């Protein structure tokens, strides 16, 4: 099986993009880790210099040594006098400023309980820093605890524009990749549909062109053709096949013109029940030739719509024609109308081969035909349902499909009622 180059390209690009994004995310985390290490270093330096200066002040140390303890779980906090609190706070503020370290903080002087030393170390949060107070107060095992509650926010702020730029670039790359992938898939689908269309067009044009060619050759080469009836017969074949070609070309050009808005709709007030009867006049003979039935349940009370008679008639004709084409045995079709609020509902059902679920969303796409391999037992370019949907939407309506394999199909059209 030949691999589609578009999907190979998308797969390789996806893997490469994922690797780039993974590297970018890793760099962001590494940068955050480095910033955290720098943060910890600054915090420890501030704490060390504060503890060192504090221990050199003998009077303050003696006052601290005489303070009582407050039992607070695994640690005993020292109840400091206001003078000691102010002293420690001024030292911390001084060294914070000295090391250009601007962040909110709080502090305590504590004495860890001996039984909980190891347990306390494991519980230590990453925004809490401790430094043992040496010299005079060392006999009491006092520690200065510095708490920095906004550590995480500070590190993110330090990363600043680099972090924001990285996040924005990642999002932009993801959006662009998604859009590019979407475009590639769409182009691939268009390419496939175009190829199918060209194959169908070649097949559809081949028969009438061959018949025209054969009829022309018979007129030129067959010396026995002297009777006027035979000449008229061959000429009739040429004209008939030429008309088929003209209609096929007209169908393609009409669809293109509709999409470009080059064919304006001539809207008038229409009795939709009368329109349905007009549409089935030309096609009823096809149903009868196959011993089929067409049941009409025209139960709607309000049936006046504003629309283009020709295009709406063609839309109904196409749906009935599809039901006949895709019926294996005797076609059994029905048309049911009803009202729902301010809308007219038209349901056209058949007993055809049905449509598989995987194709139901694509069935209204231009040029799309359900794959049948090399078998071309049903003629067409894949424009009929695309045309129907376009016409219904131009009239402010919707068309829905309900189908089951081998159990037939129901097309439900909803059109707004003209209450003017």
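The numbers here are math on the coordinates, done by the rules we state, and not lab data. Bear in mind the structure is a predicted one, so any value in this text is a computation, not a measurement. Cβ sites come from the backbone with ideal geometry, for glycine too, and all protein chains shown count toward neighbours.
Provide the packing ranking of 83-93, 152-162, i.e. peptides ordered by the mean count of other C-beta atoms within 10 Å per residue, highest first.
83-93, 152-162
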R0 of 51 Å, Cβ-Cβ distance residue 174-residue 89: FRET efficiency to nearest 0.05: 0.60
Whole-angstrom gap from region 278-295 to region 296-319, using each part's C-alpha centre: 17
Relative packing of 33-45, 321-333, which averages over residues the other C-beta atoms within 10 Å, highest first: 321-333, 33-45
Extension reserve of the residue 239-residue 7 stretch, reckoned as 0.36 nm per residue once the Cα distance is removed: 78.8 nm
Ranking of 395, 94 by count of other Cβ atoms within 10 Å, fewest first: 94, 395
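Apply 1/(1 + (r/R0)^6) to the Cβ-Cβ distance of residue 57 and residue 28, taking R0 = 41 Å, and write down the FRET efficiency to the nearest 0.05.
In this case the efficiency is close to 0.40.
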